[in-house]
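Notes follow once the structure below has been shown.
The values are calculated or read from the model by the stated rules, or taken from the named source; none is laboratory data. If you're wondering where the values come from, they're calculated on a predicted model, not measured in any experiment. Using ideal geometry, Cβ is built from the backbone for each residue, glycine included, and neighbour counts are taken over all protein chains shown. Note: accessible area is taken over every heavy atom of the protein model, side chains too, but ligands, DNA and RNA are not part of it. Shrake-Rupley method; radii C 1.70, N 1.55, O 1.52, S 1.80 Å.
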Amino acid sequence: MRKKGLIDIYILEILEKYADKEHKLSQKQIIFYLEREYRLTLTRKTLSGYLAELRDDGYIEGERGVYKVNKFADNELRLLIDGVLFGQHVPQRNAYGLIQKLKSLSGNSLKNRIKHICYLESINHTPNVKLYEIIDIIDEAIEKNCKVELTICAYMMDGKLYDKATKTVDPYYLVTDRNRYYLICYAGRNNDLENRRVDRISHVTLLSERRRPITDIAKYANGFDLANYMREHIYMFSGDSIWVVVEIRKQNIGDFIDWFGSKFKLLQEKEDTIVVRARVNENAMYYWALQYGEIVEVLKPDKLRERLRHGTEQLLNKYVQNKKDL
């Protein structure tokens, strides 16, 4: 037996299912759906009273035909759906359910457009089903300024995650980078911060011991700037940030900005290239320079140039030799 006290909710459910801004429902149609799906009979006068209250409270809009007001615009929902679909940090078993929930928030116009989007099993979602629980506990620890004990896991030869070690850390920030969650923390090594993949944590325990203030770490004694830290640490490598001078093709400056941002100093402009100076994480620049070797040359510091020379020699040796038999 349907409860008459829930009629306004039933009306909203009908509008969510059958109506949108371009396809409004008349009172006659709403009465029809109430009778068919909820076995409730309403007169037009009674229905008008419910619609007036829902309209006054901002739940519906329209006069000659009504529709439910959605909290999200279609383009906003599409961005959220794509974020779940291609987000590697979303556990695989949760991704499909989240997409369906987001689709249910849309009007019919968006539902019809996105119903053909396939959930791709081949997309590399994390298998760590405890990810959300782990994030919640870490977030609580950060809020309470407490240490946490982490159980670190790693992939083995069978492609599955196995526990590897336990570590107590001081947690400071949870961030996302390249579709993965990272914990910025202090683990007592090298008097510096570390970045740990949250999807490589299988268990976390909130401890009563207070974490140390981030300003107790020598290099952050004058404060910590998260935006600069993220800009300098592409790939989320730990380690020192250094000043580098690089020469890059003019047409590829966008690739540099995509990774390191626009806070660089232009030192020289040539016909086809420019020379810029920027502060970045040394390990991040090393691997970025290897990745973009055809368009960029690191000019300074000499230590990094030498490291790149050695690394490229090792890479070259792998490919000048005869192909190994498999």
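Taken across the range 28-41, residues that are free of Cβ contacts under 8 Å to residues at least 60 places away in the same chain, among the polar types (S, T, N, Q) and open to solvent by 60 Å² or more (accessible area, probe 1.4 Å) do occur, with at least one present.
Within the range 49-79, which residues are of a type in the set (A, V, I, L, M, F, W, C) and either within 15 Å of Ile14 (Cβ to Cβ) or open to solvent by 90 Å² or more (accessible area, probe 1.4 Å) (or both)?
Just the residues of the range 49-79 that are of a type in the set (A, V, I, L, M, F, W, C), to begin with: 51-52, 54, 60, 66, 69, 72-73, 77, 79.
Across the range 49-79, the qualifying residues are Leu51, Leu54, Ile60, Val66, Val69, Leu79.
Annotation note: of Asn252, Asn228, Asn281, the sole residue that is touching a His at 6+ places or on another chain (Cβ under 7 Å) and either of a type outside the set (Asp, Glu) or farther than 25 Å from Lys144 by Cβ (or both) is Asn281. Looking across the range 198-221, the residues that are farther than 19 Å from Tyr132 by Cα, open to solvent by 20 Å² or more (accessible area, probe 1.4 Å) and of a type in the set (Val, Ile, Thr) come down to Ile214, Thr215. Thr46 falls short of the stated requirement of being open to solvent by 70 Å² or more (accessible area, probe 1.4 Å), more than 41 Å from the chain's Cα centre (by Cα), at pLDDT 85 or above and of a type in the set (Val, Ile, Thr). Candidates in the range 241-274 are the residues that are at pLDDT 90 or above, within 15 Å of Tyr286 (Cα to Cα) and not β-branched (Val, Ile, Thr); of these, the one that is surrounded by the most Cβ atoms within 10 Å (Cβ to Cβ) is Glu247. Just name the residue that is surrounded by the fewest Cβ atoms within 10 Å (Cβ to Cβ) out of those in the range 150-180 that are of a type in the set (Asp, Glu) and over 21 Å from Leu193 (Cα atoms). Looking at the filtered set, the residue picked out is Asp158.
Here is a yes/no grid of residues against (1) crowded, with 16+ Cβ neighbours inside 10 Å; (2) within 26 Å of the chain's Cα centre (by Cα); (3) outside any loop (DSSP other than H, G, I, E, B):
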site	(1), (2), (3)
Asn190	no, no, no
Arg196	yes, yes, yes
Asn228	no, yes, yes
Arg231	yes, yes, yes
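A search for C-beta distances below 8 Å between a residue of the range 157-186 that is among the small types (Gly, Ala, Ser) and any residue that is assigned to a strand (DSSP E or B) and surrounded by 11 or more Cβ atoms within 10 Å (Cβ to Cβ), counting only pairs 6+ apart in sequence or on different chains, returns Ala165/Thr151; Ala165/Ile152.
Within the range 134-149, restricting attention to residues that are open to solvent by 70 Å² or more (accessible area, probe 1.4 Å) and either free of Cβ contacts under 8 Å to residues at least 40 places away in the same chain or of a type in the set (Gly, Ala, Ser) (or both), the residue that is farthest from Ile214 (Cα to Cα) is Asp136.
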